[in-house]
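The next block holds one structure in the form of structure tokens; read it before the comments.
The values are calculated or read from the model by the stated rules, or taken from the named source; none is laboratory data. Computed from a prediction, not measured in an experiment: that's the story for all the values here. Reconstructed Cβ throughout: ideal geometry from the backbone, glycine too, with neighbour counts over all protein chains shown. What goes into the accessible areas is simple: the full protein's heavy atoms, side chains included, and nothing from ligands, DNA or RNA. Shrake-Rupley method; radii C 1.70, N 1.55, O 1.52, S 1.80 Å.
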Amino acid sequence: GEDVEQSLFLSVREGDSSVINCTYTDSSSTYLYWYKQEPGAGLQLLTYIFSNMDMKQDQRLTVLLNKKDKHLSLRIADTQTGDSAIYFCAESRGGLTGGGNKLTFGTGTQLKVEL
Amino acid sequence: DTEVTQTPKHLVMGMTNKKSLKCEQHMGHRAMYWYKQKAKKPPELMFVYSYEKLSINESVPSRFSPECPNSSLLNLHLHALQPEDSALYLCASSQEATDTQYFGPGTRLTVL
């Protein structure tokens, strides 16, 4: 995860918008993902964006991609207490020796939603 | 349905024990993965199977032995583990090895 950077912690009030940022390094990445991980649980796929897109919206989630700056963000509208979790961005890199793509995860951002 | 199941949910084992972790998916996915995740860290890739053949081994110690008996099932056999191997072990699957990965809930492993 050292090539994909995220801020470690974000605290917001319930009802506000949350913006989680991610900086990646591989300009050849084809897909970029956002996963959510609640305590003691696995990773839940939230959304993903293809590298030739600038924006994708899915209900309360908006993903923005700035390919020039290699910057990805996830905006959560009307943040709820159930959104409290760790959020990982991940980039999909190809060219593995055995074929296929490898997910390189960011360091993760702990989102805390306060009442 | 994008469900990947893993058993057991929790496992405690001694350093001389032999145990296995199990992962199952019925989505027709042809690629399956094992990841290791330490607390407050991102997951680290261990193994990739594509069409039931091991395609990637990320220099994992031989005390971890993966097995893919069929296209729906992935096992991780554990033997002579060390306390530092204690972690959350995550399984994932994807349609092909280049596609979006879906994760299971994980097995929390503690090695005493």
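All but one of (1) under 15 Å from B:Ser20 (Cα atoms); (2) more than 9 Å from every other protein chain (Cβ to nearest Cβ); (3) of a type in the set (Gly, Ala, Ser) hold for B:Gly106, so report the exception by its number. Evaluating B:Gly106 over (1) under 15 Å from B:Ser20 (Cα atoms); (2) more than 9 Å from every other protein chain (Cβ to nearest Cβ); (3) of a type in the set (Gly, Ala, Ser) leaves (2) as the failure. Within 14 Å of another protein chain (Cβ to nearest Cβ), open to solvent by less than 70 Å² (accessible area, probe 1.4 Å) and not in a strand (DSSP E or B): does that describe A:Ser92? In short, no.
Residue count for the stretch A:1-21 satisfying the condition of being under 10 Å from the mean Cα position of the chain (by Cα) and either open to solvent by less than 10 Å² (accessible area, probe 1.4 Å) or at pLDDT below 95 (or both): 1. Is there a residue being open to solvent by 30 Å² or more (accessible area, probe 1.4 Å) and in a strand (DSSP E or B) anywhere in the stretch B:85-99? Within the stretch B:85-99 (the criterion being open to solvent by 30 Å² or more (accessible area, probe 1.4 Å) and in a strand (DSSP E or B)), the answer is no, since none of the residues qualifies. Could you list, in sequence order, all residues of the stretch B:65-84 that are in a strand (DSSP E or B) and either at the interface with another protein chain (Cβ under 8 Å from one of its Cβ atoms) or over 14 Å from the mean Cα position of the chain (by Cα) (or both)? If the condition is that a residue be in a strand (DSSP E or B) and either at the interface with another protein chain (Cβ under 8 Å from one of its Cβ atoms) or over 14 Å from the mean Cα position of the chain (by Cα) (or both), then B:Asn70, B:His79 are the ones that fit. What single numbered condition from (1) open to solvent by 20 Å² or more (accessible area, probe 1.4 Å); (2) outside any strand (DSSP E or B); (3) at pLDDT 95 or above fails to hold for A:Arg75? For A:Arg75, the failing item is (2). Screening B:Ser62 with (1) over 30 Å from A:Glu5 (Cβ atoms); (2) assigned to a strand (DSSP E or B); (3) without any contact (Cβ under 8 Å) to a residue 60 or more places away in the chain gives one miss only, at (2).
Restricted to the stretch A:22-62, the set of strands (runs of 3 or more DSSP E) holding at least 1 residues that are surrounded by fewer than 17 Cβ atoms within 10 Å (Cβ to Cβ), at negative phi and among the aliphatic types (A, V, I, L, M) comprises A:43-50, A:55-58.
Residues in the stretch A:78-89 that are surrounded by 11 or more Cβ atoms within 10 Å (Cβ to Cβ) and away from chain B (no Cβ under 14 Å): 5 in all. Select from the stretch B:38-72 the residues that are open to solvent by less than 70 Å² (accessible area, probe 1.4 Å) and either basic (Lys, Arg) or touching a Cys at 6+ places or on another chain (Cβ under 7 Å) (or both) and write down the one among them that is modelled with the highest pLDDT. It comes out as B:Arg63. For the stretch B:14-32, check the following and say yes or no: at least one residue is assigned to a strand (DSSP E or B) and loosely packed, with under 14 Cβ neighbours inside 10 Å. Taking every residue of the stretch B:14-32 in turn, at least one turns out to be assigned to a strand (DSSP E or B) and loosely packed, with under 14 Cβ neighbours inside 10 Å.
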